[in-house]
Amino acid sequence: MIDMRKLIVHNLSWGATLAVASARYAGVPEEEGVMAQDVRPQGMDQTGTEEVGAGADAAALLRDQLCFSIYSAAHLFNRTYKPLLERVGLTYPQYLVMLVLWSGDGITVKEIGAQLDLDSGTLTPLLKRLEVAGLVSRQRDPRNERLVRVTLTDAGRALHTRVGTVQRAIFCATGMSVDGLKSLKGQVDGLRAALQAHLGPADAED
């Protein structure tokens, strides 16, 4: 079993995120003329990047980053999904919203956002486009008008039967077995949970 904490320490660069938005390491401030304890891992320089020894292959620094592997794989997933989803009239973000609704219809916008890790500012335009396409409807909850519930239309429910071909095509594209994919997903889910625990809970939506 992979030790996820060691995996994160040895494979994730301190200045990289999954969106490859790099930021320089914040130096530890001096307090009353005494330098506070340096908490950088061994082998990191003051910019937060790994020190490169003489003769090291600089290109390997990128190839060795787990975050980049996940980032580039996500891009390839999107490129693979795009032509398949165009046949059923969905973008990839819209497809994710529909997956949530096919699993549980009539839920609130906030509940959808929690499952997809999206804020309302990002999610609302997606829902509006799905509503214009006739796949969902949005209504205020009569018991609490602050809540907006999203319900599948007949067309939205019928679309579920058409995405089976999309999922089968993606499975074939990976070239992996069912057991291999389940194992990989379990490890990625574990990594995601570890990173979420490190960052702490997100601010609650108003």
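At-a-glance table
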quantity	calculated
Flag for ILE107 being crowded, with 17+ Cβ neighbours inside 10 Å, more than 22 Å from LYS185 (Cβ to Cβ) and of a type in the set (Val, Ile, Thr)	yes
Of the criteria (1) modelled with pLDDT of 95 or more; (2) within 23 Å of the chain's Cα centre (by Cα), which one LEU152 fails	(2)
Hits in the stretch 106-135 - residues which are of a type in the set (Lys, Arg) and over 16 Å from LEU90 (Cα atoms)	LYS110
Subset of the stretch 158-169 [free of Cβ contacts under 8 Å to residues at least 12 places away in the same chain and either under 24 Å from the mean Cα position of the chain (by Cα) or surrounded by 14 or more Cβ atoms within 10 Å (Cβ to Cβ) (or both)]	GLY164, GLN167, ARG168
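The values are calculated or read from the model by the stated rules, or taken from the named source; none is laboratory data. Note that the coordinates shown come from a computational prediction; the quantities given were computed from them, not determined experimentally. Positions of Cβ are generated from backbone atoms using ideal geometry, with glycine treated the same way; all protein chains shown enter the neighbour counts.
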